[in-house]
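Let me begin by presenting the structure, written as structure tokens, before commenting on it.
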Amino acid sequence: MPLALLALAVAAFGIGTTEFVMMGLLPQVADDLGTSVPTAGYLVSAYAIGVVVGAPLLTALGSRVPRKRMLLLLMALFTVGNLASALAPGFGWLVAGRVLAGLPHGAFFGLGAVVAARLVREGRQARAVATMFLGLTVANILGVPAATLLGQHLGWRATFLVVSAIGLLAMAALARLVPYVPVDERQSLGREVRALGRPQVLLGLLTAVFGFAGVFAVYSYLASMTTEVMGFGDSTVTVVLALFGLGMTGGALAAGPLTDRALRPTLYGSLAALVLALVAFRFTIHVPWLALVTVVVLGAVGFMTTTPLQMLVMNKAKDAPTLASASNHSAFNLANAGGAWAGGAAVAAGWGWTSPTLVGAGLTVVGLAIAAVAGLLDRDLDRARRTGKGASRVVAQSPLAEGPAADRQVSSSSPASGS
């Protein structure tokens, strides 16, 4: 794998750390800024809002900027947002800093996935994208627990100063290791928007919203489940979250080669496995050692869905994949917010701390159904092409493949060509 993927993974590590660390710092932030913990929880939503708004907006604004330069600009904005958070004089300023830090998230991962896929030879694109996402999973194993401990001992501002330093390190790595990737001359904002509006792209985004929401319906309340149902103490919460992160890493490592080999079967299989794991957790949560094993499995099958979903929207957007790829991360954050809301609503309704497991399973079933419908439509389109509509010409003209036969891969090109 090219060293450029390491630079992308370092950036992903920083982004993943700042995205999830606020959940562990809410008590410290609330106490320092004189507000309540529920009010401080808006800081989690503020980051998600930044992601949802920034992914399409910044991708559109940077549609004509060379890819390496755009990655550097996005990482610079991320660093400034975290520095602003560290220096925020009050709660309102901290909210603004969190929105600013979230703005480049989706655009960076969307563009980074496209660049990663074009740095490797044909048949290894999904592995390249999964390698970049490894930085995000490692952040949940090492970055978030370490940053949380740092914030607890040196203050929450120290956490965001360290994340800012990681941002600077990532910028240096990107500048040194990522090759120059020019913009495809055929690319335009109108073309990107039209690609985003294709039915198969929209179905892929809906699959992400519902399928991945099942993960966050449980993950958002995993700390409370650990203490209220599993019977562990507060000190064990960090261990349980780290186990979930280990599962995520394993899922990311498995997803790359599996997606390169067979995209849709990997997507169907991971979503189905996620449904089964969520239902099983409803029962295993009462047996401590089984609960811990299930947490690892949940992390693995949950994150195994991300690579095929990312590659799916890139494939279906064909020769204008950047906006669709970035919008996929808006979909993931909508899944984050929607899953957390649905799981919380079940708990608030008095259904107990185990109820988010079944809520999550229901959401994932909807995502699997949408994926299945998209697969059937794909089969019909492929059959129509094979009966004389020039499928070979369509695929040959497109740098990103389309249809079931091409779902396994994204056609690669020279890093210098950008096409």
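The values are calculated or read from the model by the stated rules, or taken from the named source; none is laboratory data. Just so it is clear, the structure is predicted and the values come from calculations on it, not from any experiment. FYI the Cβ positions are ideal-geometry reconstructions off the backbone, even for glycines, and counts take in every protein chain you see. What goes into the accessible areas is simple: the full protein's heavy atoms, side chains included, and nothing from ligands, DNA or RNA. Shrake-Rupley method; radii C 1.70, N 1.55, O 1.52, S 1.80 Å.
Is it fair to say residue 239 is assigned to a helix (DSSP H, G or I) and out of contact with any helix residue (DSSP H, G or I) (no Cβ under 8 Å at 6 or more places or on another chain)?
Details: assigned to a helix (DSSP H, G or I): yes; out of contact with any helix residue (DSSP H, G or I) (no Cβ under 8 Å at 6 or more places or on another chain): yes.
When the stated conditions are applied, residue 239 passes them.
Whether any residue in the range 134-149 is over 23 Å from the mean Cα position of the chain (by Cα), modelled with pLDDT of 85 or more and among the hydrophobic types (A, V, I, L, M, F, W, C) is what I want to check. Walk me through it before giving the result.
Our first condition is that a residue be over 23 Å from the mean Cα position of the chain (by Cα); within the range 134-149, this holds for 149.
Restricting the remaining residues to those that are modelled with pLDDT of 85 or more gives none.
Within the range 134-149 (the criterion being over 23 Å from the mean Cα position of the chain (by Cα), modelled with pLDDT of 85 or more and among the hydrophobic types (A, V, I, L, M, F, W, C)), the answer is no, since none of the residues qualifies.
Considering only the range 91-103, I want to know if a residue exists there that is outside any helix (DSSP H, G or I), open to solvent by less than 40 Å² (accessible area, probe 1.4 Å) and more than 14 Å from residue 322 (Cβ to Cβ).
Scanning the range 91-103, I find no residue that is outside any helix (DSSP H, G or I), open to solvent by less than 40 Å² (accessible area, probe 1.4 Å) and more than 14 Å from residue 322 (Cβ to Cβ), so the answer is no.
Among the numbered conditions (1) on the phi < 0 side of the Ramachandran plot; (2) surrounded by fewer than 18 Cβ atoms within 10 Å (Cβ to Cβ), tell me where residue 231 comes up short.
Against the list (1) on the phi < 0 side of the Ramachandran plot; (2) surrounded by fewer than 18 Cβ atoms within 10 Å (Cβ to Cβ), residue 231 comes up short only on (1).
May I ask you to verify whether residue 269 is in a helix (DSSP H, G or I) and free of Cβ contacts under 8 Å to residues at least 60 places away in the same chain? Steps first, answer last, please.
On the way: in a helix (DSSP H, G or I): yes; free of Cβ contacts under 8 Å to residues at least 60 places away in the same chain: yes.
For residue 269, the condition - in a helix (DSSP H, G or I) and free of Cβ contacts under 8 Å to residues at least 60 places away in the same chain - is met.
Taking the condition closer than 15 Å to residue 205 by Cβ, open to solvent by 10 Å² or more (accessible area, probe 1.4 Å) and not acidic (Asp, Glu), does residue 309 pass? Quick ask: steps written out before the conclusion?
On the way: closer than 15 Å to residue 205 by Cβ: yes; open to solvent by 10 Å² or more (accessible area, probe 1.4 Å): no; not acidic (Asp, Glu): yes.
Considered against the rule, which asks whether it is closer than 15 Å to residue 205 by Cβ, open to solvent by 10 Å² or more (accessible area, probe 1.4 Å) and not acidic (Asp, Glu), residue 309 comes out as no.
Of the numbered conditions (1) farther than 20 Å from residue 123 by Cβ; (2) in contact (Cβ under 8 Å) with a residue 60 or more places away in the chain; (3) open to solvent by less than 10 Å² (accessible area, probe 1.4 Å), residue 259 fails exactly one; give the number of that condition.
(1)
Take the range 44-90 and flag every residue that is outside any helix (DSSP H, G or I) and modelled with pLDDT under 90. Show your work before the answer.
Pass one, the range 44-90, residues outside any helix (DSSP H, G or I): 62-66, 87-90.
Selection gives 62, 63, 64, 65, 66.
Condition first: open to solvent by 10 Å² or more (accessible area, probe 1.4 Å) and either touching a Gly at 6+ places or on another chain (Cβ under 6 Å) or part of a helix (DSSP H, G or I) (or both). Now tell me which residues in the range 285-297 satisfy that.
Kept after step one, since they are open to solvent by 10 Å² or more (accessible area, probe 1.4 Å), are these residues of the range 285-297: 286-290, 292-294, 296-297.
Answer for the range 285-297, where residues must be open to solvent by 10 Å² or more (accessible area, probe 1.4 Å) and either touching a Gly at 6+ places or on another chain (Cβ under 6 Å) or part of a helix (DSSP H, G or I) (or both): 288, 289, 290, 292, 293, 294, 296, 297.
For residue 30, work out the one condition from (1) without any contact (Cβ under 8 Å) to a residue 12 or more places away in the chain; (2) surrounded by fewer than 18 Cβ atoms within 10 Å (Cβ to Cβ) it doesn't fulfil.
Tallying (1) without any contact (Cβ under 8 Å) to a residue 12 or more places away in the chain; (2) surrounded by fewer than 18 Cβ atoms within 10 Å (Cβ to Cβ), residue 30 fails exactly one: (2).
Select the helices (runs of 4 or more DSSP H) contained entirely in the range 137-211, then report the ones holding at least 3 residues which are without any contact (Cβ under 8 Å) to a residue 40 or more places away in the chain, open to solvent by 10 Å² or more (accessible area, probe 1.4 Å) and of a type outside the set (Lys, Arg). Steps first, please.
On the way: elements: 144-154, 156-177, 189-196.
It comes to 144-154, 156-177.
For the range 312-335, enumerate the residues that are open to solvent by 20 Å² or more (accessible area, probe 1.4 Å) and touching a Pro at 6+ places or on another chain (Cβ under 9 Å).
Across the range 312-335, the qualifying residues are 318, 319.
Can you find even one residue in the range 107-117 that is modelled with pLDDT of 90 or more, more than 24 Å from residue 192 (Cβ to Cβ) and crowded, with 19+ Cβ neighbours inside 10 Å?
No, the range 107-117 contains no residue that is modelled with pLDDT of 90 or more, more than 24 Å from residue 192 (Cβ to Cβ) and crowded, with 19+ Cβ neighbours inside 10 Å.
With the requirement that a residue be open to solvent by 40 Å² or more (accessible area, probe 1.4 Å) and either touching a residue at least 12 places away in the same chain (Cβ under 8 Å) or of a type in the set (Asp, Glu) (or both), what does the range 45-72 give you?
So in the range 45-72, the residues open to solvent by 40 Å² or more (accessible area, probe 1.4 Å) come out as 45, 49, 52-53, 56-57, 61, 64, 68-69, 72.
Correct list: 45, 49, 52, 53, 56, 57, 64, 68, 72.
Among the candidates 253, 243, 267, 276, single out the residue that is open to solvent by less than 10 Å² (accessible area, probe 1.4 Å) and either more than 29 Å from residue 41 (Cβ to Cβ) or hydrophobic (A, V, I, L, M, F, W, C) (or both).
Numbers: 253 fails: open to solvent by less than 10 Å² (accessible area, probe 1.4 Å); 243 fails: open to solvent by less than 10 Å² (accessible area, probe 1.4 Å); 276 fails: open to solvent by less than 10 Å² (accessible area, probe 1.4 Å).
267 is the lone residue from the list that is open to solvent by less than 10 Å² (accessible area, probe 1.4 Å) and either more than 29 Å from residue 41 (Cβ to Cβ) or hydrophobic (A, V, I, L, M, F, W, C) (or both).
What number goes with the only condition from (1) under 25 Å from residue 241 (Cα atoms); (2) surrounded by fewer than 24 Cβ atoms within 10 Å (Cβ to Cβ) that residue 130 does not pass?
Unmet condition: (2).
Does residue 78 meet the test of being more than 20 Å from residue 322 (Cβ to Cβ) and open to solvent by less than 10 Å² (accessible area, probe 1.4 Å)? Explain how you work it out, then say what you get.
On the way: more than 20 Å from residue 322 (Cβ to Cβ): no; open to solvent by less than 10 Å² (accessible area, probe 1.4 Å): yes.
It is false that residue 78 is more than 20 Å from residue 322 (Cβ to Cβ) and open to solvent by less than 10 Å² (accessible area, probe 1.4 Å).
Across the range 212-225, what is the total count of residues that are open to solvent by 10 Å² or more (accessible area, probe 1.4 Å) and in a helix (DSSP H, G or I)? Walk me through it before giving the result.
The first filter runs over the range 212-225 and keeps only residues open to solvent by 10 Å² or more (accessible area, probe 1.4 Å), leaving 212, 215-216, 219-221, 223-224.
This time we only want the ones that are in a helix (DSSP H, G or I), so: 212, 215-216, 219, 223-224.
Adding up the residues that qualify gives 6.
With open to solvent by 10 Å² or more (accessible area, probe 1.4 Å), over 22 Å from residue 255 (Cα atoms) and outside any helix (DSSP H, G or I) as the only criterion, which of 350, 338 stands out?
On the way: 338 fails: outside any helix (DSSP H, G or I).
Only one candidate qualifies: 350.
With more than 18 Å from residue 222 (Cα to Cα), in contact with a Pro (Cβ under 9 Å, 6 or more places away or on another chain) and either of a type in the set (Lys, Arg) or part of a helix (DSSP H, G or I) (or both) as the only criterion, which of 385, 379 stands out? Break it down stepwise before answering.
Numbers: 385 fails: in contact with a Pro (Cβ under 9 Å, 6 or more places away or on another chain).
It is 379.
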